[in-house]
Amino acid sequence: MAGDQLQVLNALDVAKTQLYHFTAIVIAGMGFFTDAYDLFCISLVTKLLGRIYYFDPTSADPGTLPPNVAAAVNGVAFCGTLSGQLFFGWLGDKMGRKKVYGMTLMLMVICSLASGLSFGHTAKGTIATLCFFRFWLGFGIGGDYPLSATIMSEYANKKTRGAFIAAVFAMQGFGILAGGIVSLIVSAAFKNAYKAPAYQDDRAGSTVSQADFVWRIILMVGAAPALLTYYWRMKMPETARYTALVAKNAKQAATDMSKVLNVDIEAEQEKVEQIASNQKNSFGLFSREFLKRHGLHLLGTTTTWFFLDIAFYSQNLFQKDIFSAINWIPKAKTMNAIQEVYKISRAQTLIALCGTVPGYWFTVFLIDKIGRFKIQLMGFAMMTVFMLALAIPYHHWTTPGNHFGFVAMYALTFFFANFGPNSTTFIVPAEIFPARLRSTCHGISAAAGKAGAIVGAFGFLYAAQSKDPTKRDKGYPAGIGIRNSLFLLAGCNLFGLLFTFLVPESKGKSLEEMSQENEEGDEDVGVGTSNNRTTPM
């Protein structure tokens, strides 16, 4: 049977939506805004890096990054992110959310600036230092995942908690959008200031020396939003749930939340110690008790995030087909280097504006009405349908006159990823685990997702290559082709749908109700009980 809720936690659960909620969303959300900007802006400048550092005057086409170099430049931040999610997730439960939050933020600021200052006079030197700094940038970004989600979940009331965490995650869409807009502004300014011929007209002259500043400025701008929010992050008090349930300081928790909520809250030190002394509330991550209570939950959150990110990050497989099909991006040799950055940025910005951002906000407005389970199940189901709708008549979509349908299917797949598992896989792990393990479990779930991202972005990049050498990207071996890759991705979505049944519905429940931290008595609580696993209706 559940024990009495601590007054300070009950006050948070029933608090009306007020200014501090929106302050927390903005402060936590700006971290996610920066994460998305830093992770996705590299894709806007990889073509430019190829032109500058891998120029071949004998080639009829502009220089491109070799496959191994492209994989390193694009993927090293993902590797850093995976490591950071595990490390900072664990550290957030040991040292507190607030302290570790500041560490991740400063690491992001320093490494964003350092990425743009990558040094070396040769391609190898510049790319090596860029990859080094982007790994540590990713390491800082990784910490932001579990900490942003955990802080927002522990500050929110139970009625609108899903919307608040989703709003933090939705800042990712604005970060992607901002990356496109900054790239547009920078490339447009340089394009107008330094006129250059197309590559086919003047191979060497198509890339002006000032183009080297373009990619550096775009990467360095990522430090600005993180730096601007550092002060406000440090002013936020530690979450009451960490202070009371993990640090066991009832007086500090009551004092902090009294200021935040503008109400008098009693410090219940005796009750905090009673909860802490309960053996049922002291099990570790690798204990049998954790396995009984939350083992299937952790399996559900890790697998669904893994399969979702395989599909989500592999979308670039057919992005280039869309861009060329509707003439958003002309052939590379018909443009100069900076013009190509401008065209790619414009296309990415339109995709973010029309497909990426709206899906996130559908989740924000509907998650506390529909519930996490239904949105995730619907998202995976619709992604499976649209992937199959692209794959089965793939030849039909790629023939002249049918490109509109191809673009529509692509946009809908993106929409239902964001109004679906891309949002819910971030939200649920921050709600269903005990306070002392919440950040750690979210970090493990997020790291599983990033492992899926690495498989999706790079495994499928090779797999999607055509068996026909004339249709294959330069330097890549033969693969199974885009059509067969789409069938595999549809299968990944289907697996995600099935594993969703392991994840409990947390709509309208307090965090302690989901994790059973106030439970009294010695009765076993398995994963199948009604308190721990709410059957979706």
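The values are calculated or read from the model by the stated rules, or taken from the named source; none is laboratory data. Worth saying up front: this structure is predicted, and the values here are computed from it rather than measured. Counting neighbours? That spans all protein chains shown, and the Cβs are built from the backbone with ideal geometry, glycine included. Each accessible area value is taken on the protein alone, full model and side chains, heavy atoms only, with ligands, DNA and RNA left out. Shrake-Rupley method; radii C 1.70, N 1.55, O 1.52, S 1.80 Å.
Summed over the range 378-398, the residues that are surrounded by fewer than 21 Cβ atoms within 10 Å (Cβ to Cβ) and within 20 Å of Thr424 (Cα to Cα) give a count of 4.
Table: residues versus (1) charged (D, E, K, R); (2) over 30 Å from Ala276 (Cα atoms); (3) open to solvent by less than 40 Å² (accessible area, probe 1.4 Å); (4) at pLDDT below 80.
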site: Gly496; (1), (2), (3), (4): no, yes, yes, no
site: Leu502; (1), (2), (3), (4): no, no, no, no
site: Gln516; (1), (2), (3), (4): no, no, yes, yes
site: Glu519; (1), (2), (3), (4): yes, no, yes, yes
site: Asp524; (1), (2), (3), (4): yes, no, no, yes
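For the range 139-152, check the following and say yes or no: at least one residue is buried (at least 22 other Cβ atoms within 10 Å of the Cβ), polar (S, T, N, Q), out of contact with any Phe, Trp or Tyr (no Cβ under 7 Å at 6 or more places or on another chain) and within 19 Å of Thr440 (Cβ to Cβ). Scanning the range 139-152 turns up at least one residue that is buried (at least 22 other Cβ atoms within 10 Å of the Cβ), polar (S, T, N, Q), out of contact with any Phe, Trp or Tyr (no Cβ under 7 Å at 6 or more places or on another chain) and within 19 Å of Thr440 (Cβ to Cβ).
The residue of the range 328-343 that is most open to solvent (accessible area, probe 1.4 Å), among those that are modelled with pLDDT under 85 and under 27 Å from the mean Cα position of the chain (by Cα), is Trp328.
The set of residues in the range 85-104 that are farther than 11 Å from Leu147 by Cα and either open to solvent by less than 10 Å² (accessible area, probe 1.4 Å) or in contact with a Cys (Cβ under 9 Å, 6 or more places away or on another chain) (or both) is empty.
Scoring Val69 on the criteria (1) buried (at least 19 other Cβ atoms within 10 Å of the Cβ); (2) closer than 29 Å to Pro146 by Cα; (3) of a type in the set (A, V, I, L, M, F, W, C); (4) without any contact (Cβ under 8 Å) to a residue 60 or more places away in the chain leaves a single failure, condition (2). Residues in the range 384-403 that are hydrophobic (A, V, I, L, M, F, W, C) and in contact (Cβ under 8 Å) with a residue 24 or more places away in the chain: Phe386, Met387, Leu388, Leu390, Ala391. A count restricted to the range 312-327 and to residues that are buried (at least 16 other Cβ atoms within 10 Å of the Cβ), modelled with pLDDT under 80 and not in a helix (DSSP H, G or I) stands at 1.
A Cβ distance below 7 Å, combined with a sequence gap of six or more or placement on separate chains, defines the contacts here; from the range 360-377, residues that are over 21 Å from Gln172 (Cβ atoms) reach residues that are open to solvent by 40 Å² or more (accessible area, probe 1.4 Å) in the pairs Gly371/Lys507. The set of residues in the range 411-458 that are open to solvent by 10 Å² or more (accessible area, probe 1.4 Å) and farther than 20 Å from Gly75 by Cβ comprises Ala411, Leu412, Phe414, Phe415, Phe416, Phe419, Arg436, Leu437, Thr440, Ile444. Selection of helices (runs of 4 or more DSSP H) fully inside the range 153-260 by the criterion of at least 2 residues being of a type in the set (Lys, Arg) and surrounded by 16 or more Cβ atoms within 10 Å (Cβ to Cβ) returns 161-193. Applying the condition of being surrounded by fewer than 20 Cβ atoms within 10 Å (Cβ to Cβ) and among the charged types (D, E, K, R) to the range 344-372 and asking which residue is nearest to Gly508 (Cα to Cα) yields Asp368.
Scan the range 275-282 and tell me whether some residue there is open to solvent by 10 Å² or more (accessible area, probe 1.4 Å), within 28 Å of Ile27 (Cα to Cα) and in a helix (DSSP H, G or I). No, the range 275-282 contains no residue that is open to solvent by 10 Å² or more (accessible area, probe 1.4 Å), within 28 Å of Ile27 (Cα to Cα) and in a helix (DSSP H, G or I). Among the numbered conditions (1) farther than 30 Å from Ile165 by Cβ; (2) crowded, with 24+ Cβ neighbours inside 10 Å; (3) small (Gly, Ala, Ser), the only one that Ala77 does not meet is (1).
For the range 399-410: of the residues being of a type in the set (Gly, Ala, Ser) and open to solvent by less than 40 Å² (accessible area, probe 1.4 Å), which is nearest to Phe499 (Cα to Cα)? I'd like the intermediate steps shown before the answer.
Start the filter on the range 399-410 by keeping residues that are of a type in the set (Gly, Ala, Ser), which leaves 401, 405, 408.
Filter once more, keeping what is open to solvent by less than 40 Å² (accessible area, probe 1.4 Å): 405, 408.
Working: Gly405: 30, Ala408: 28 Å.
The residue in question is Ala408.
Only one of (1) surrounded by fewer than 20 Cβ atoms within 10 Å (Cβ to Cβ); (2) of a type in the set (A, V, I, L, M, F, W, C); (3) in a helix (DSSP H, G or I) is not met by Phe119, so which one is it? Exception for Phe119: condition (3).
Counting the residues of the range 122-135 that are outside any helix (DSSP H, G or I) and either surrounded by 18 or more Cβ atoms within 10 Å (Cβ to Cβ) or touching a His at 6+ places or on another chain (Cβ under 7 Å) (or both) gives 0. Taken over the range 28-39, residues that are more than 18 Å from Trp361 (Cα to Cα) and among the aliphatic types (A, V, I, L, M) amount to 1.
Among residues of the range 145-157 that are under 14 Å from Ile27 (Cα atoms) and free of Cβ contacts under 8 Å to residues at least 40 places away in the same chain, none has a Cβ under 9 angstrom from a residue that is assigned to a helix (DSSP H, G or I) and open to solvent by less than 10 Å² (accessible area, probe 1.4 Å) at a sequence gap of 6+ or on a separate chain. When residues in the range 1-41 are screened for being without any contact (Cβ under 8 Å) to a residue 12 or more places away in the chain and open to solvent by less than 10 Å² (accessible area, probe 1.4 Å), 0 of them pass. Among the residues that make up the range 399-422, is at least one of them modelled with pLDDT of 95 or more and within 20 Å of Trp305 (Cα to Cα)? For the range 399-422, residues modelled with pLDDT of 95 or more and within 20 Å of Trp305 (Cα to Cα): present.
Please specify each residue of the range 475-488 satisfying the condition of being in a helix (DSSP H, G or I) and touching a Lys or Arg at 6+ places or on another chain (Cβ under 9 Å). If the condition is that a residue be in a helix (DSSP H, G or I) and touching a Lys or Arg at 6+ places or on another chain (Cβ under 9 Å), then Gly481 is the only one that fits.
Just a yes or no: is a residue in the range 13-24 acidic (Asp, Glu) and at pLDDT below 85? I'd like the intermediate steps shown before the answer.
Start the filter on the range 13-24 by keeping residues that are acidic (Asp, Glu), which leaves 13.
So of that shortlist, the ones also at pLDDT below 85 come out as none.
Among the residues of the range 13-24, not one is acidic (Asp, Glu) and at pLDDT below 85, which makes the answer no.
Scanning the range 284-311 for residues that are open to solvent by less than 20 Å² (accessible area, probe 1.4 Å) and either farther than 25 Å from Ile427 by Cβ or not basic (Lys, Arg) (or both) gives Phe290, His294, Gly295, His297, Gly300, Thr301, Thr304, Trp305, Leu308, Asp309, Ile310, Ala311.
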